[in-house]
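Just below is one structure, and these are the notes that go with it.
The values are calculated or read from the model by the stated rules, or taken from the named source; none is laboratory data. Everything quoted here is computed from the prediction, not taken from an experiment. Note that we place each Cβ from the backbone using ideal geometry, even for glycine, and neighbour counts take in every protein chain shown. Ligands, DNA and RNA are excluded from the accessible area calculation, which covers all protein heavy atoms including side chains. Shrake-Rupley method; radii C 1.70, N 1.55, O 1.52, S 1.80 Å.
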Amino acid sequence: MKKVGVAILGLGVVGAGTYGILTDKKQYFANAQKLDVTVEAVLETRKERALSLGVPASILCENISEIVSDPAVDIVVECIGGEEPALSFLKSALKNGKTCVTSNKEVFSKHWHELQEIAQKNDSDIYFEASCMGGVPVVRVLCEAMQANHIQKIAGVINGTTNYVLTKMEEGFSFADALLGAQEKGYAEANPKADVEGYDSTYKLCILAGLAFHTKITVDQISRKGITEIDQKDVAAAKAMGYSMKLLAVAKRTAKGIEARVEPALVKKEHPVAAVSDCFNALSIVGDSVGEVVLTGRGAGAAPTGSAIVSDVIFAAKKGAHSYYEFFAEGKTDKISAEVTAGHYFRFATSAPDAVLAKIVPALSKCGATVNNVWREDGELCVITAEATLSAVNKALAKLNLKDCTLVSHYCVEAVGE
Ligand code: HSE
């Protein structure tokens with residue numbers, strides 16, 4: 001039977017989940033995969049934590065060089081998170097010919113191409129299924145199951161913490177209490193700002209859009225807005241109009257280039273992406289051959305993310321030869337458009353909603369943003385429009401010079417799956 005030696009770097013939530021699966025299911029992997037998978041080393045300075053998780057003291061290491069020089073280690077699993085020292089450790093492992101598996105979306109989104117180059121030069125490889133959407137096998141689906149397609153659009157909820165927080169807020173919890181719950185359950189990043197301010201989703205979207213469009217997209221080409229400024233009034237108005245507010249990650253091909261953004265947006269209640277609650281993620285992928293595919297499942301947590309890591313360990317161990325992702329725009333970036341093409345939700349505070357409506361409906365129609373949903377309550381007027389560019393819509397509204405009316409909020413309304 002093929003022997004596979006694994007080293008785990010970091011025993012946080014994900015590292016601990018991975019260690020548990022690899023040790024508990026050792027016999028199962030021998031039976032089902034014909035692999036003898038053994039955890040040969042664990043890099044963790046918190047000795048007490050490691051021992052409490054059942055890690056034998058004999059395999060505990062404090063120095064990365066012990067691991068990368070150990071001939072018994074074939075696969076290095078990086079679960080440290082953040083940029084450093086994770087990046088240096090990955091580079092060192094790849095340079096020493098070790099196969100790497102990472103759940104680290106920050107390091108992978110920012111250094112993917114450099115890491116892949118090092119892997120290619122050193123006859124090694126790097127796998128990153130666990131970097132996006134926790135236990136949902138999205139990387140493998142995009143790369144191994146949808147090759148027949150030109151992907152047109154990906155859109156969905158790809159951060160478990162913010163989805164948990166928004167779900168709990170809908171149940172009446174405060175933002176702070178909801179976030180505490182996500183931290184206690186092990187969903188949130190070490191610094192939860194990464195979740196609630198949208199960075200985590202941005203890193204993941206950068207990876208997923210790169211895979212979907214075979215192009216190099218950098219993290220800073222993705223526009224980002226988190227959930228900290230969402231007003232409950234907009235959540236309630238959206239609900240009344242038949243929509244859910246989600247922290248949505250969207251990347252799509254448009255006539256002007258690829259649009260990529262992470263922001264709170266409205267999704268029609270009937271769509272499966274609107275229906276995910278708790279830490280669940282859901283991604284809609286639209287391909288020109290297959291149409292829409294929706295993937296959903298637990299997007300965070302020890303065992304779900306450990307599931308994705310272990311699947312990479314087994315996939316890597318069974319793979320005959322290395323293969324590397326192709327980018328059509330090798331060495332440069334494809335055109336990324338800063339335009340926002342979507343439906344639009346506007347909330348106005350006004351004492352004269354009928355007069356405002358009478359002015360904005362024809363003006364918005366002229367630029368294609370036909371108003372198709374109106375809701376009013378206590379001096380507030382909300383409208384939802386058909387798809388149009390935000391620049392055209394803003395121009396049309398600015399020209400009107402509306403009196404007795406303040407624009408309070410704007411969100412995109414995303415036609416997920418179309
Ligand atoms: N903090 C991340 C989330 C963990 O909440 O989705 C999984 O990547």
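State in Å² the accessible area per residue of the stretch 333-392; use a 1.4 Å probe, count heavy atoms of protein chains only, and round to the nearest integer.
Normalised by residue count, the accessible surface of the stretch 333-392 is 44 Å².
Enter the Cα centre distance for the pair the stretch 20-63 and the stretch 147-207, rounded to the nearest angstrom.
Cα centroid of the stretch 20-63 versus Cα centroid of the stretch 147-207: 29 Å apart.
Normalised by the residues of the chain, what does the relative contact order come to in percent, with Cα pairs under 8 Å and at least six apart?
Relative contact order, the chain: 16 percent.
Whole-Hz Karplus ³J(HN,Hα) for the stretch 238-247, in order, using 6.51 cos²θ - 1.76 cosθ + 1.60 and θ = phi - 60°, x for Gly and Pro?
4, 4, 4, 8, x, 10, 10, 8, 10, 7
If you stretched the chain out fully between LYS26 and VAL408, how much longer would it get, using 0.36 nm times the residue separation minus the C-alpha to C-alpha distance?
Full extension of this stretch gives 131.8 nm more.
Taking 8 Å as the Cα distance limit and 6 or more residues as the minimum spacing, I'd like the relative contact order of the stretch 313-418 as a percentage.
Dividing the mean separation by the residue count of the stretch 313-418 yields 36 percent.
Among 92-99, 268-275, how do they line up by average Cβ neighbours within 10 Å per residue, starting with the highest?
For the peptides 92-99, 268-275, the packing ranking is 92-99, 268-275.
Under the rule of at least 5 residues apart or a separate chain, name every residue whose amide H is placed under 5 Å from the amide H of VAL4.
ASP36, VAL37, THR38
Mind checking the angle between helix 199-213 and the chain's longest principal axis? C-alpha axes, 0 to 90 degrees, to the nearest 10.
Taking Cα atoms only, the helix is inclined about 80 degrees.
For the chain, give the percent of accessible area contributed by carbon and sulfur heavy atoms, probe 1.4 Å, rounded to a whole number.
51 percent
What is the packing order of peptides 285-298, 145-158, taking the mean over residues of other C-beta atoms within 10 Å and listing the highest first?
On the way: 285-298: 16.7, 145-158: 20.5.
By packing density, highest mean first, the sequence is 145-158, 285-298.
Express in nm, to one decimal, how much length is gained between LYS95 and LEU390 on full extension, taking 0.36 nm for each residue of separation and deducting their alpha carbon distance.
101.5 nm
In debye, nearest 20: dipole of the chain around its Cα centre with unit charges on the Cβ of K, R (+) and D, E (-)?
The calculation lands at about 700 debye.
What is the set of long-range amide H partners of TYR243 at a cut-off below 5 Å, with H atoms built 1.01 Å from backbone N?
Here LYS269 satisfy the definition.
Give a residue-ordered list of calculated ³J(HN,Hα) values for the stretch 36-53 (Karplus: 6.51 cos²θ - 1.76 cosθ + 1.60, θ = phi - 60°; whole Hz; x for Gly, Pro).
9, 8, 10, 7, 8, 7, 9, 9, 7, 7, 7, 4, 4, 4, 4, 5, 5, 8
If I take the Cα coordinates of the chain and project them onto the principal axes, what are the three extents in Å, biggest first?
Principal-axis extents of the Cα atoms in the chain, largest first: 76, 45, 35 Å.
Which one of PHE173, PHE213, PHE108 has the biggest mean-square fluctuation once the chain is modelled by GNM with Cα springs under 10 Å?
Of PHE173, PHE213, PHE108, the Gaussian network model singles out PHE173 as fluctuating most.
Among LEU381, ALA398, PRO353, whose Cα sits farthest toward the positive end of the charge dipole of the stretch 341-413 (+1 at Cβ of Lys/Arg, -1 at Cβ of Asp/Glu, about the Cα centre)?
Checked the options; the winner is ALA398.
Over the stretch 1-124, calculate the relative contact order: mean separation of alpha carbon pairs under 8 Å at least 6 apart, over the residue count, as a percent.
Values: 198 pairs, mean separation 32.1, N = 124.
Value for the stretch 1-124: 26 percent.
Students often check this: by mean Cβ neighbours within 10 Å, which of 194-200, 39-45, 402-408 ranks highest, and how do the rest follow?
For the peptides 194-200, 39-45, 402-408, the packing ranking is 194-200, 39-45, 402-408.
ILE126's amide H: which non-local residues (gap 5+, or another chain) put their own amide H closer than 5 Å, with H modeled 1.01 Å from N in plane and none for Pro or chain starts?
Under 5 Å from the amide H of ILE126: CYS100.
Per-residue HN-Hα couplings for the stretch 391-401, Karplus 6.51 cos²θ - 1.76 cosθ + 1.60 at θ = phi - 60°, whole Hz, x for Gly and Pro?
With the stated coefficients, the stretch 391-401 comes to 4, 5, 5, 4, 4, 4, 5, 4, 4, 6, 6 Hz.
Give me the one-decimal nm value for the distance between modelled label points at GLU171 and LYS34, 7 Å along each residue's Cα-to-Cβ direction.
Spacing of the two 7 Å Cα→Cβ label points: 4.7 nm.
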